[in-house]
1. Which ranges mark the strands (runs of 3 or more DSSP E) fully within region 486-597 that have 1 or more residues being within 23 Å of residue 395 (Cβ to Cβ), β-branched (Val, Ile, Thr) and under 29 Å from the mean Cα position of the chain (by Cα)?
2. Go through region 410-456 and count every residue that is small (Gly, Ala, Ser) and either assigned to a strand (DSSP E or B) or assigned by TED's automatic domain parsing to the domain that holds residue 252 (or both).
3. I'd like the full set of residues that are part of a loop (DSSP other than H, G, I, E, B), within 21 Å of residue 347 (Cβ to Cβ) and under 22 Å from the mean Cα position of the chain (by Cα), limited to region 374-393.
4. I'm trying to understand the selection: among the residues of region 180-201, which are part of a strand (DSSP E or B) and crowded, with 23+ Cβ neighbours inside 10 Å?
5. Can we say residue 319 is part of a loop (DSSP other than H, G, I, E, B) and either over 23 Å from residue 565 (Cβ atoms) or assigned by TED's automatic domain parsing to the domain that holds residue 464 (or both)?
6. In the set 335, 369, 350, which member is more than 13 Å from the chain's Cα centre (by Cα) and more than 13 Å from residue 312 (Cα to Cα)?
7. Residue under question is residue 600, and the condition is that it be among the acidic types (Asp, Glu), under 17 Å from residue 264 (Cα atoms) and surrounded by fewer than 24 Cβ atoms within 10 Å (Cβ to Cβ); does it hold?
8. Consider residue 396 against the criteria (1) part of a strand (DSSP E or B); (2) in contact with a Leu (Cβ under 8 Å, 6 or more places away or on another chain); (3) among the hydrophobic types (A, V, I, L, M, F, W, C): it satisfies all of them except one. Which criterion is unmet?
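The values are calculated or read from the model by the stated rules, or taken from the named source; none is laboratory data. All values derive from a computational prediction rather than experimental measurement. Cβ placement follows ideal geometry from the backbone for every residue including glycine, while neighbour counts extend to all protein chains displayed.
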Amino acid sequence: MHAGLLAAAIGTVAPLVCLSGVAAASPGGSRQDVTVLPGQTYEVTQTTRLHRLTVEPGGSVTVPSGDSLTMTVDGVETGQKLTSTNATTTAIVPGTYRGNVVLTVDTQNLVSWQNLEFPIRQALYVDGNGVEPDQSAFANVLGGWFDNTSANHIALLSTGEAYDGVYVNNGTYTLNHPVIAFRGNGRSDFIGDGAAIVGNGSSTRLVVNHAFIDNKGAVRSGVVANNGANVVVKDSFIRTRDGLLPADYVPTVDLGYMEQVPWMLSINGNVRATNLVGDNTNATYIKSMILSQGWGVLSTDSGNGGNLSAIDDYIANTGDEGGYGSYAIGGRNLNFLGDRINVGTYATINRGGQVYYGDSTHAAVSALNSSLDLGLTGPELASIPDRPTIVNSKRFGFMWHGAGTLSITGGTVVNSKEATFLDKGQQIGVTVDGSQGAKLNPANGILEQVMDNDDPGPNLVSSVPGRLCPMGCTVNNGVYTDPTGTPTKDASFDVTTAHTTDAVSTFSNITLHGDLYNGIRGNEPGGMFGPGLPGLNMILTFDDSSIQGVISAASTHHLVSPISSSNYQDLGEVTNTVAPVINNGVIVTLEGNSKWTVPDTSYLSKLVIGSNAIINAPDGRTVSMTVNGTPTPIVPGNTYTGNVELSVS
């Protein structure tokens, strides 16, 4: 389908209308044939139009220092690849290029990142003065028209590498109906080297309307928002699919070289549909379809603060590699209102974010419109339906490999094949309000799984092909091995008291069916990625809620061990055997008119029963309790502390 798109875009688009009142960087001189022989260097000092360019093996095409070169053939950026696997620069590869060949010479858009310099090339470069001709490859802009404030109905096509469509740097700009289709790898989605659209800088306000973006290639993202930009995407289609990484690429978590998701997250893939990076950056996606094959759809990464919001969107992973709908890090706020989310592994991975799932009510959307300066008009606000967020996951609901909070409200429904909440030894804060119909539906019957962090982390090595490693380079070749034996009690850790490092969940006005297990071992040495915890308590509060399920400390073990990159999807897959508390306290509080129906043996460290709360067993069965081995009646209004065992007969 998209090969047809390329042909149609090349063959039928209208001529480019250049900037009004600004001299375009249009090709000059007569068209000619140029052949670069082995050992020869052809230096292009100004934008040049050719009929044919032949570069033989050993020949090279260069531009003066400080300039960038972009080649287009019949309007398609092509022929340039990264000079090596870990390089940041591109060069024209040997071959013969015929047609309307344009060699555009521009001033470099040089971006520093992780002690590397990235000379980013782009079709349109926009700053506070508008479109800058001396940094734009206009020959790549097919059809439509643009000026210093907006671009309309333009098409941008690329089959090269590390090339951008539109790069807005501390400017205000609007893109209406752009069509962008890129094939070939990018270089870094932390700065948008290879992305279709980039908004960068705290003075940037970028609005994208009715975009069609279809990229295929490693780190060939659809939209990247960076360094305090405010990017608003409406009524758009964004799809990214994996590329083929070079055979000598070494997977890493070094941010300057990361072009593939760390498999230690139990997912795979090499392109994120979108990314939000830098400090205090905002990105909002409204009434759009956003798809990634694996890795992630709506990502946040390096940086702190800011907001990532999705309103009335369809968000999905399209492949079998596994992936996430969103990733929260760095104290960022993530808002999901009225979305449809279909993911391979997780709805959200949390490593330091505040995440909210709710309905797209007029009040909620209007509040974001105001606080995030979205600029939605009255008719646009009215066009957004009031509907709940629906999550469908082929594996888990939400996973924590860092501290973070999650709030589920409205009519949000979370359908997952495995645990709704998967906490890998982290401080979490979960609130679920079912008063407006929110539902949690784990098919395997586990609502919350607290377990040790099974991320083996990377290893440091002294050398990686094509890279300098003076302080060591990380390589994602760690192996996780399940610990054996029974953990020993850490006398310093109180399993009956709440700590700031605990896993805290509050459920109100909701009916729940499922089990909740705390499988933390505790009293273990720390590693690069933990846990190194003396212990961690699972603290559960039920307020005017009904829960039927086992709530217990557990001995938790992986189904498979060891786990490496070859069987990455075995991470998080565990079994639970209920067992008395050691360093994994379970503190349960029943408030209001809550009811806990206990189907089987459960071990707690503290039980608080409100005066109107009920603990019972399924029909035809009886629940009883011992505290520190002593049979004890279950009396509403009382608190029980110690080795609390509930059993059913």
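1. Numbers: elements: 503-508, 511-513, 515-518, 538-543, 546-548, 551-558, 574-578, 586-591, 595-597.
The qualifying strands (runs of 3 or more DSSP E) are 551-558, 574-578.
2. As a first pass, look at region 410-456 and keep what is small (Gly, Ala, Ser): 410-411, 416, 419, 425, 429, 434-435, 437-438, 443, 445.
Checking which are either assigned to a strand (DSSP E or B) or assigned by TED's automatic domain parsing to the domain that holds residue 252 (or both) leaves us with 416, 429.
Looking only at that region, the number is 2.
3. The answer is 388, 389.
4. So in region 180-201, the residues part of a strand (DSSP E or B) come out as 180-183, 188, 193, 197-200.
The answer is 180, 181, 182, 188, 193, 197, 198, 199, 200.
5. Numbers: part of a loop (DSSP other than H, G, I, E, B): yes; either over 23 Å from residue 565 (Cβ atoms) or assigned by TED's automatic domain parsing to the domain that holds residue 464 (or both): no.
So residue 319 fails the test.
6. Working: 335 fails: more than 13 Å from residue 312 (Cα to Cα); 350 fails: more than 13 Å from the chain's Cα centre (by Cα).
Residue meeting the stated conditions: 369.
7. Working: among the acidic types (Asp, Glu): yes; under 17 Å from residue 264 (Cα atoms): no; surrounded by fewer than 24 Cβ atoms within 10 Å (Cβ to Cβ): yes.
Taking the combined requirement at face value, the residue does not satisfy it.
8. Among (1) part of a strand (DSSP E or B); (2) in contact with a Leu (Cβ under 8 Å, 6 or more places away or on another chain); (3) among the hydrophobic types (A, V, I, L, M, F, W, C), the lone unmet condition for residue 396 is (1).
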